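The values are calculated or read from the model by the stated rules, or taken from the named source; none is laboratory data. All values derive from a computational prediction rather than experimental measurement. Virtual Cβ from ideal backbone geometry, glycine too; neighbours counted across all protein chains shown. Protein only, heavy atoms only, side chains kept; ligands, DNA and RNA dropped before computing areas. Shrake-Rupley method; radii C 1.70, N 1.55, O 1.52, S 1.80 Å.
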Amino acid sequence: MITSPTAPFSAIEAALTFLVPSSEKPKVLMPADHAERVERTGRYEDVPVAIHDARRLPAPPTIDQEGFALARFPTAVTNFFDPALVQRVYYPEVIDMLMRNTGASNVHVFDHPVRVEAGTAQRRPGLRQPVAFVHNDYTERSAQQRVRDFFSPEDAARLLAGRIAFVNVWRSIGASAERFPLAAADGRSVPQADYVAVDMVYTDRTGEIFHITYSSGQRWFYFADMRTDEAMLLKCFDSATDGRTRYTAHTGFANPRAALGTPPRRSIEVRTILSFAG
């Protein structure tokens, strides 16, 4: 993992979009083409929050404490818009990096969304836009279901009997991510009551994720000036209930400090399931 510089840094104040609590379960209506506009039910509000540079923390954050971490992660991939190349070269790199950094005994890669800001020259079919509301990718129920989706009944039962974790590996693949970077809340600062289960309605199935309501104790961070040889690790579920962070609220946000002319964000997130021996 990467150590933290100690130079002074004042927090960014930026508006993040949170779910407003209600009595009805919200829904996200996913189009067949995930690059198209996503519709949501429920009410949302923009709340200004202080977002600190996680590089300036006294000790580097970890996925078991804060729920996120920064890793030095060079890659041999030269074109992240080539799905076959990503699967052939980047997936094995991700697996090796995660096993070294987390102690996982096995890593299963199952998806790699590439996101590009809307209205840019790089927009093309199949590319998604950055997510701009506070969420966490899995609930207890949907994490277990995804394991059953990807593994045989026997292997799923074996994995679910032990400890598993879902970790996203996020990296900038453009000139800069500063115009619309990824923010994450310290998992220890987000009470369970702030996580609200939301139905993800696809054309062929209904999943479930968490959207997040705002509370004043939440502490928000991002890694400033991410380089192309770095990756952010984001834990979206952990079956362990021993006090470590299990979920990590996160969102993209418009950075008011981004310099004029900062290019649009381009990023890739590789979604993985980790299992642990013992």
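Per-atom-type breakdown for the chain gives carbon and sulfur 51% of the accessible area (1.4 Å probe, protein chains only).
Dipole orientation for the chain: of the candidates 236, 138, 254, 254 has the Cα lying most toward the positive pole (charges on Cβ; Lys, Arg +1; Asp, Glu -1). With a Förster radius of 25 Å applied to the beta-carbon distance between residue 277 and residue 77, the computed FRET efficiency rounds to 0.30.
When ligands, DNA and RNA are left out and all protein chains stay put, how many square angstrom of accessible area per residue does segment 201-254 have with a 1.4 Å probe? Before the final figure, lay out the partial values.
Details: 1950 Å² over 54 residues.
On a per-residue basis, 36 Å².
Solvent exposure of segment 26-121 amounts to 50 Å² per residue of accessible area, where only protein heavy atoms count and the probe is 1.4 Å. In percent, rounded to a whole number, the relative contact order of segment 25-76 is 19, using alpha-carbon pairs under 8 Å and six or more apart. Model label points for residue 257 and residue 57, set 7 angstrom from Cα along the Cα-to-Cβ axis, are 1.7 nm apart.
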